[in-house]
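Please treat every number below as a calculation from the coordinates, not as lab data. Note that the structure is a prediction, hence the values are computed from the model and not measured. So basically every Cβ, Gly included, is an ideal-geometry build from the backbone, and we count neighbours across all protein chains shown.
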Amino acid sequence: MGRQRHDITPLWLSHHFPEDYDRCVVVGGRHVCRRCVALYPPALLLAVVAGVTGWSAGGVWMALFVVLPLPAVVEFVAEHLGAVRHSPLRQVVVSVLAGIGLGIGFARYLHQPGDLVFWGVVVLYAGVCGLAALSRARRVP
């Protein structure tokens with residue numbers, strides 16, 4: 001049986017290896033991804049509000065859903081392509097904006113799960129970020 005690395009926080013709390021723990025915050029002695037901590041609470045809060053109140057994002061809200069995540073996408077791509085260095089403050093700011101946008105998208109999704117705007121934005125932004133992450137993975141020795 002293989003040896004376990006005890007310096008790695010379980011994946012469900014952080015998807016970073018120890019060399020990238022500067023991208024995490026420590027909660028209860030465990031490393032948790034800083035981007036995820038800033039992204040998901042506002043997104044889930046807006047989704048819960050939408051579910052409880054019956055609010056469905058439309059009109060200007062959908063424009064915000066498209067626009068608010070853009071700084072996070074640009075930051076993620078620029079960092080992974082080596083154009084900018086990692087900045088915890090910048091990461092938190094753009095992740096909170098993206099979380100608000102994602103929450104607006106979740107509100108729309110709750111009422112129209114097959115909404116093409118929602119899925120188009122999710123697939124496009126995730127695809128762009130995924131390609132940037134794969135590009136970095138190929139360059140790392």
Relative contact order for the chain, counting Cα pairs under 8 Å that sit 6 or more residues apart, in percent: 27 percent
Comparing L39, L68, L110, which has the greatest mean-square fluctuation in the GNM of the chain with Cα pairs linked when under 10 Å apart? L110
Karplus-derived 3J(HN,Hα) from phi for the range 110-123 (6.51 cos²θ - 1.76 cosθ + 1.60, θ = phi - 60°), whole Hz, x at Gly and Pro, runs 4, 9, 9, x, x, 4, 5, 5, 4, 5, x, 5, 4, 5
Those Cys residues of the chain for which no other cysteine Cβ falls under 4.7 Å: C24, C129
Kindly identify the chain as rounded, prolate or oblate by the Cα gyration tensor criterion: order the square roots of the eigenvalues as a ≥ b ≥ c, call it rounded if a/c is under 1.5, otherwise compare a/b with b/c, prolate if a/b is larger, else oblate. prolate
Residues whose placed amide H lies under 5 Å from that of C24, excluding near-sequence neighbours: R34
Sort L46, L64 so that the residue with the fewest other Cβ atoms within 10 Å of its own Cβ comes first and the one with the most comes last. L64, L46
GNM result for the chain, Cα springs below 10 Å: residue of V121, V48, V27 fluctuating most strongly: V27
What's the extension gain from V92 to V122 if we count 0.36 nm per residue and subtract their Cα-Cα distance? 8.8 nm
Pick from F76, F65, F17 the residue whose mean-square fluctuation is largest in a GNM of the chain, springs joining Cα atoms under 10 Å. F17
Taking the Cα centre of the chain as origin, work out the dipole magnitude from +1 charges on Lys and Arg Cβ and -1 charges on Asp and Glu Cβ, in debye rounded to 20. 300 debye
Going 7 Å from the Cα of V84 toward and past its Cβ, which residues in the range 93-120 have a backbone nitrogen under 13 Å from where you end up? 93-98
Here, L70 and V26, labelled 7 Å along Cα→Cβ, have an inter-label distance in nm of 3.9 nm
The range 34-81 and the range 96-137 have their Cα centres apart by a whole-number Å value of 8 Å
Pull out the extension gain between S135 and H15, defined as 0.36 nm times the separation in residues minus the alpha carbon to alpha carbon distance; nm, one decimal. 41.4 nm
Summing -39500 (n - 2.57) over every DSSP H run of at least 4 residues in the chain and dividing by its residue count gives a helix-only mean residue ellipticity at 222 nm, to the nearest 500 deg cm²/dmol, of -21000 deg cm²/dmol
